[in-house]
Amino acid sequence: MSQTSNDFFIDYLNDSRFKEIATFFQEKPLAKAHLKGLTGSFTSLAATASFLHSDKPHLFILTDKEEAAYFLNDLERITSDKDVFFYPGSYRRPYQVEETDNANILLRAEVLNRINSRKKPAMIVSYPDALFEQVVTRKQLNANTLTIKDNDSLGIDFLNETLFEYHFERVDFVVEPGQFSVRGGIVDVFSFSHDQPYRIEFFGDEVESIRTFDIETQLSIDKVKKLNLIPNVENKVMLEKRESFFDYITDKTVVWVKNTDLAAQKLNDLFEKAEEAFKTLKGEISQSEPSELFISGSAFKKTLENFATAEWSLQPYFTPQKTFEFG
C-alpha cells in the first residue's frame, strides 16, 4: 500500500470493510455497490482505502463544486496529493467562451494529460457541471500536443510558429496559461498541461535545457527532461470534435457517485439551458449543437452502466449486487 502522509489514518485504511470494497471491484469489473451509512470524512477514508488497495483509477462525483472541493481536501490530507486531481468546469454558462476560467482550464488539461500519459492510476474528483462539458478526443489531444525534450533539434522559429497555431499569446512576460515570450535564445511558455511555466534555453536550434520557473521571482524551480505543450483544450473553435469525459477515461475506472439521480437532474437542467442558449445564437461563426458539446442526464445514467459504480446516497439508482454497511 502507498505511504500516507499521516500515519494516524493507517489503521482506518486497513479496515477490513474497506479492503472488501476494493476486492469486490477488483473481482467484478462492472459491479454495482451501495455503501450504506457513510457520512462526512468517513466517505473520504473509504474512498482512499479502496483506491490504495486496488490498481484501478477512481472517479468521485459529488453534488456540486463546493462539496467536491471539501472532498478533494480530505483526500489530499489522507494520501499523496500527486495522485489526486480536481476536474472543474471551464466556464459558467454554455456558449459563453469569454467567461472561461484559465485556472480551471489548466486543471482540466492536467487531468486529461495525466490520463493520456497512461501513468499509474489516479483519483479524480469532479461534479455534474464539470462533467457536463465534453472533452477533446485522445486523437486530437495527441495531434495538438508538442513534446519537447533535451537536445531536440527544434529551432525557436518553429516553436514560435507552433505556439501561434495553438493560439498562444506572445507577451513580454508570461503570467498565465496560454502565453509565451521570446528573449534571445530563451523561450518562456505557460502550457495548459502544467501549473508552472517552462523556460526553454536554446543553443542554436538545439534545446539546451528545460526548467520550470516561478512567475514572481523569475527563478528556476526544477530542471526537467521533457515537457508537453498543450493548447487550450476547451477552445471549441479550434478543437471541434469532442467526446464525453466518460469516453476518455479507461473502462477500468471505479466511479463513486454520491447521488446518481440528483447528478442526472443537474445535467438535464444544464442541457436544457444549453439548448435555449443555442437557439438564441446569432452571428457568422458556426457553433456545434448541444449534443456535440455536452452530456445530458439520461446519457450520464446510461454511461454509468459501463463502469463499476459505488453509490453512497440513501437510495441508490442501480440495484446493488452488494451492500456495504457502515455504522
What FRET efficiency, computed as 1/(1 + (r/R0)^6) with R0 = 56 Å and r the Cβ-Cβ distance, is obtained for E208 and T323, rounded to the nearest 0.05? 0.40
Ignoring everything but the protein chains, give the 1.4 Å probe accessible area of S54 in square angstrom, nearest 10. 30 Å²
Considering only DSSP states other than H, G, I, E and B, which trypsin sites (Lys or Arg not before Pro) in region 28-96 qualify as loop sites with at most 15 other Cβ atoms within 10 Å? R92
Place the peptides 168-179, 114-125 in order of packing, highest mean first, counting for every residue the other Cβ atoms within 10 Å and averaging per peptide. 114-125, 168-179
Selection of trypsin sites (Lys or Arg not before Pro), region 246-327, meeting DSSP coil and at most 10 other Cβ within 10 Å: K282
Relative contact order for the chain: what percent, with Cα pairs under 8 Å and sequence separation of 6 or more? 25 percent
Pop a pseudo-label 7 angstrom from the Cα along the beta-carbon direction at both D150 and E201 and give the gap in nm to one decimal. 1.3 nm
Mind giving me the nanometre distance, one decimal, between the label points for V175 and N73, set 7 Å out from Cα along Cα→Cβ? 2.8 nm
On a 1.4 Å probe surface of the protein chains, which of W312, W256 comes out largest in accessible area, and what is the full order? W312, W256
How far apart, in nanometres, would the label points at R183 and T303 be if each is projected 7 angstrom from Cα along the Cα-to-Cβ direction? 4.3 nm
Which entries in the list K32/K119; K82/K252; K19/K65 go over 24 Å, if you measure between the two C-alpha atoms of each? K32/K119; K19/K65
When the chain is treated as a GNM, springs tying every alpha-carbon pair under 10 Å, which of A69, A277, A263 comes out with the largest mean-square fluctuation? A277
Output the peptides 56-64, 153-161 sorted from most to least packed, where packing is the average of other Cβ atoms within 10 Å over each peptide's residues. 56-64, 153-161
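The values are calculated or read from the model by the stated rules, or taken from the named source; none is laboratory data. The shown structure was predicted, so the numbers you read here are calculated from the model rather than taken from an experiment. As a convention, Cβ positions derive from the backbone with ideal geometry for all residues, glycine included, and neighbour counts pool all protein chains shown. These area figures cover heavy atoms from the full protein model, side chains too; ligands, DNA and RNA do not enter into them. Shrake-Rupley method; radii C 1.70, N 1.55, O 1.52, S 1.80 Å.
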